[in-house]
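Here, each number is a calculation from the coordinates, and none is a lab measurement. From a predicted model like this one, the values you see are computed outputs, not experimental measurements. When we count neighbours, we look across all protein chains shown, and the Cβ atoms used for this are built from the backbone with ideal geometry, even at glycine.
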Amino acid sequence: MDKLVIRGGKPLKGEVRISGAKNAALPIMASTILAHGEHTIERVPHLRDVMTMGRLLANLGAGFHFEDNKTILDCSKINNFEAPYDLVKTMRASVLVLCPLVARFGRAKVSLPGGCAIGARPINLHLMGLEKMGAKIQLESGYVIAKANRLKGASIYLDTITVTGTENLIMAAVLAKGTTILENAAREPEVVDLANCLIAMGAKISGAGDSVIEIEGVDELKPINNYRIIPDRIETGTFMATAGITGGDLVLKDCKPEHLDAVIMKLKDAGVVFKETKKGLRVIGPERLTARDAKTIPYPGFPTDMQAQFMAMMTVANGTSVIKETVFENRFMHVAELKRMGADISIEGGTATIKGVEKLKGAPVMATDLRASASLVVAALCAEGETVIHRIYHLDRGYEKMDEKLRHVGADIERITS
């Protein structure tokens with residue numbers, strides 16, 4: 001099992017090219033099920049989760065080829081409608097094949113999903129929406145079994161904002177008979193990217209990016225050709241954090257700052273300087289960060305996927321900060337590992353209080369989930385001495401060649417393969 005060895009204390013300087021968004025690539029790959037033929041998707045990051053989705057689609061009968069960040073999927077010969085536990089257990093996003101299978105083929109059998117252990121994240125809203133559209137749902141031995149002759153448009157109110165639920169139900173609705181209205185829908189850029197891809201395939205969708213989305217069903221979709229995935233806003237935010245905590249000076253290329261307004265505002269308040277340049281967004285870290293509070297809420301608010309990285313920054317900020325996590329339970333598992341590095345953090349319920357220390361010190365630590373692993377990398381880059389981060393397969397699920405990108409801008413980082 002691979003681990004990272006990081007010797008901190010070096011300001012990062014140089015240029016980083018941001019990869020395509022994992023959380024856009026996965027639903028868009030799943031959406032190819034909806035149309036017969038060969039699809040090509042560009043700027044797909046080479047990540048563990050992307051390969052898992054590719055294997056899942058291949059298991060259904062699709063052709064899957066990945067090369068140079070380009071994915072070719074041929075959905076002409078899908079003949080299996082089951083997503084097995086062995087594939088689904090490692091990645092929650094596997095549930096995104098459920099609605100496309102039911103929409104196009106009228107049936108699906110999908111294992112209940114797994115993934116990071118940061119909360120229950122049930123799929124009850126996905127199933128409620130499918131039932132409203134006429135599907136018959138059974139839960140049997142850990143599997144969801146869904147059947148429908150043809151889905152029908154419906155008015156669906158989502159009791160809580162759910163990104164994957166919104167995406168799944170959009171994909172259900174595009175081939176349904178009639179019009180579907182999704183209320184209290186997720187507004188994330190990745191939802192908009194999926195909608196834009198489906199529109200390019202011939203779907204009729206309006207309102208993506210707002211809380212109410214309207215989908216008018218069509219009889220069929222056509223394959224997508226050379227659709228380009230949006231840049232990964234969480235990778236962008238993570239590299240902003242590395243510049244901020246090390247007092248670095250990075251230019252982030254191929255990013256979309258408008259997808260990170262809440263993060264940029266918070267980092268500016270903490271002393272990080274941002275400048276738009278011809279090459280990309282320049283991020284300059286201060287001599288020492290200033291403590292600032294944060295509260296995670298759904299987009300366009302401060303993202304839960306940046307909470308751990310922001311907390312790592314606050315461990316060495318001047319003053320005391322309070323971070324409230326409102327999106328997922330169990331998302332403070334990185335705290336114990338940061339404390340091993342000398343951080344002063346106390347937890348009460350969903351609130352963390354961080355008293356900034358002068359410096360962190362390197363230590364052996366263990367990644368518990370994707371964003372927790374990123375926070376440990378951020379902390380290690382400014383820590384005195386050597387930090388060894390174990391179980392970095394979590395990191396490889398969501399960050400493309402992160403160690404190589406960091407080494408390119410001056411980090412003393414080494415990947416060791418056991």
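Key figures
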quantity	calculated
Charge context of residue 315, other residues only, Cβ under 10 angstrom, K/R +1, D/E -1	+2
Within a Gaussian network of the chain (alpha carbon springs, distance under 10 Å), most fluctuating of 190, 220, 82	220
Tail fraction, Cα-Cα pairs, the chain, threshold 33 Å, whole percent	32 percent
Across 256/278; 275/359; 253/401; 339/361, pairs whose alpha-carbon gap is larger than 20 Å	275/359
Among 276, 42, 15: highest mean-square fluctuation, GNM of the chain, C-alpha pairs under 10 Å	276
GluC sites (Glu not before Pro) lying in DSSP loop within the range 317-418, provided at most 14 other Cβ fall within 10 Å	329, 358
The range 1-42-the range 249-300 distance, computed between alpha-carbon centres (Å)	20 Å
Relative contact order of the range 22-228, pairs being alpha-carbon contacts under 8 Å that are 6 or more residues apart, as %	21 percent
Net charge, residue 401 excluded, C-beta distance under 15 Å - Lys, Arg +1, Asp, Glu -1	-3
Under 5 Å, built H, 5+ apart or other chain: amide partners of residue 83	109, 110, 111
The chain: antiparallel DSSP beta bridges as a percent of all, rounded to 5	70 percent
Separation of alpha-carbon centers, the range 207-235 and the range 124-164, rounded to whole Å	20 Å
Three-way shape call for the range 85-186 based on the alpha-carbon gyration tensor, with the a/c threshold at 1.5	oblate
Length-normalised contact order of the chain in % [C-alpha pairs under 8 Å, at least 6 apart]	21 percent
³J(HN,Hα) computed for each position of the range 17-24 - Karplus, 6.51 cos²θ - 1.76 cosθ + 1.60, integer Hz, glycine/proline x	8, 7, 7, x, 7, 4, 6, 9
Value of Rg/Rh across the range 294-390 [Cα atoms, Kirkwood radius]	0.94
Derived scalar couplings ³J(HN,Hα) [the range 332-341; Karplus, 6.51 cos²θ - 1.76 cosθ + 1.60; whole Hz; x for Gly, Pro]	10, 5, 6, 4, 4, 6, 5, 5, 4, 8
Hull volume in cubic angstrom per residue (convex hull over the Cα atoms of the range 22-228)	100 Å³
Per-residue [θ]222 nm for the chain (sum of -39500 (n - 2.57) over DSSP H runs n ≥ 4, rounded to 500)	-9000 deg cm²/dmol
Most mobile of 333, 313, 29 in a GNM of the chain (Cα contacts under 10 Å)	333
